[in-house]
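Trainee: This is the structure I have questions about; it appears just below.
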Amino acid sequence: MTGTKRRMIVFALIVVMVAVSLPLYARGSSEEAMYIPVISKGLQHQFWQTVKAGADDAAAEFGVDITFEGPPSEADIQEQVIMFQNAMAKAPSAVALAALDTSSVLDQLNEAIRRNIPIIGFDSGVPEAPEGAIYANASTNNYAAAGLGAEKMFETLSAQLDTVSPRNPVTIVVFNQDATSESVTRRGMGFRDRMIELLVSETPLTRNDIRVQGNPAYVASDSPRSNNPAVIIDMVVPASPRTTDVTASATAIFNRVQEQNIRGIFCSNEGTVVGVLAATNDGAQLASTYRDVLVVGFDAGEAQKNAVRQGYFLGSITQDPYQIGYKAVELAYRAANGESVSDVDTGAKFYDASNMDQPDIAQLLYD
């Protein structure tokens, strides 16, 4: 073989090797550069810190870069819009989003569709998003989870509910932080509907004995609206989700406990729990002044766990915030790689003083 032929063969081999390796190199570079912003509804509650922990672990597991951010409070819609805008400007591979207000981020969602950027909803997701924008959701079935809270409250109240009448009606308050968040509204509606079902199926009452009243967003067209009710389900929403407004609304509820014979309060998230505790001396008055009022919370956090442990609350519903964060990033990673993804229910359980230290429950109760 001549030197010239030998050089031509070596050159040809080099060309083949480069041609084979370039796609692998490009794919590896793409994986290294994969960026997934995770945009939550806030950072003020411990719930979001646990979501972040799950997201961080998933990022490490799948080898992606993430940022985790949220506005100072769930009332700061415009700040979340700016976060989403900034994230889209960085050419993300996918985005995980828990929208405060879908209508406020429609421009970014439509941009994601045009650029084929997958959006993964988490927690409350992105309700009523444009078709094709949301690839999947990682979230709790909030409607069913809140229904579990109604069942637990009903078990304790049932003996009293057998004897109620229009002359001595009982009021059950469903305390919702807002009327826009998908997770909060689904919980309020889930508790409302399950309580109505139980009242009708497990007591002598009929729908003609029940009145649903309060914030119009929570009063369905088919909700019972008796003019002479034995049980009133009062759907309460504060002026805003800010802590001061939520606490003021909680204080107003307790100021009418005796007048309206309020026997139960369902708090739809950690924000409303904080308001209730602030209005009752960190819950202490629930064991004295308001000892006849049953409170069921939602989520966890140090203050809420203490209220449950002390017996101030009947109990609370816990999501799995760690899995919400983890699955949101995992779904985003898989969608960015072109894999087919679908919704994931991250689960919920009821906890009280008797079971909150059991391993299967304790691991879900963030501080």
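The values are calculated or read from the model by the stated rules, or taken from the named source; none is laboratory data. Note that the structure is a prediction, hence the values are computed from the model and not measured. Note that each Cβ is placed from the backbone with ideal geometry, even for glycine, and that neighbours are counted across all protein chains shown.
Trainee: Considering only segment 48-65, how many residues are surrounded by fewer than 17 Cβ atoms within 10 Å (Cβ to Cβ), in a helix (DSSP H, G or I) and modelled with pLDDT of 95 or more?
Mentor: Total satisfying the criteria: 4.
Trainee: Can you name every residue in segment 254-273 that is surrounded by fewer than 23 Cβ atoms within 10 Å (Cβ to Cβ), among the β-branched types (Val, Ile, Thr) and in a helix (DSSP H, G or I)?
Mentor: The answer is Val257, and nothing else.
Trainee: A further question follows. Restricting attention to segment 179-218, which residues are among the polar types (S, T, N, Q), surrounded by 20 or more Cβ atoms within 10 Å (Cβ to Cβ), part of a helix (DSSP H, G or I) and touching a Ser or Thr at 6+ places or on another chain (Cβ under 8 Å)?
Mentor: Residue satisfying the conditions is Ser183 alone.
Trainee: Let me ask something else. In this structure, does Phe68 turn out to be at pLDDT below 95, of a type in the set (Phe, Trp, Tyr), in contact with an Asp or Glu (Cβ under 8 Å, 6 or more places away or on another chain) and under 30 Å from Ser240 (Cβ atoms)?
Mentor: So Phe68 does not fit the description; no.
Trainee: Got at least one residue in segment 150-159 being in a strand (DSSP E or B), in contact (Cβ under 8 Å) with a residue 60 or more places away in the chain and over 29 Å from Val329 (Cβ atoms)?
Mentor: no
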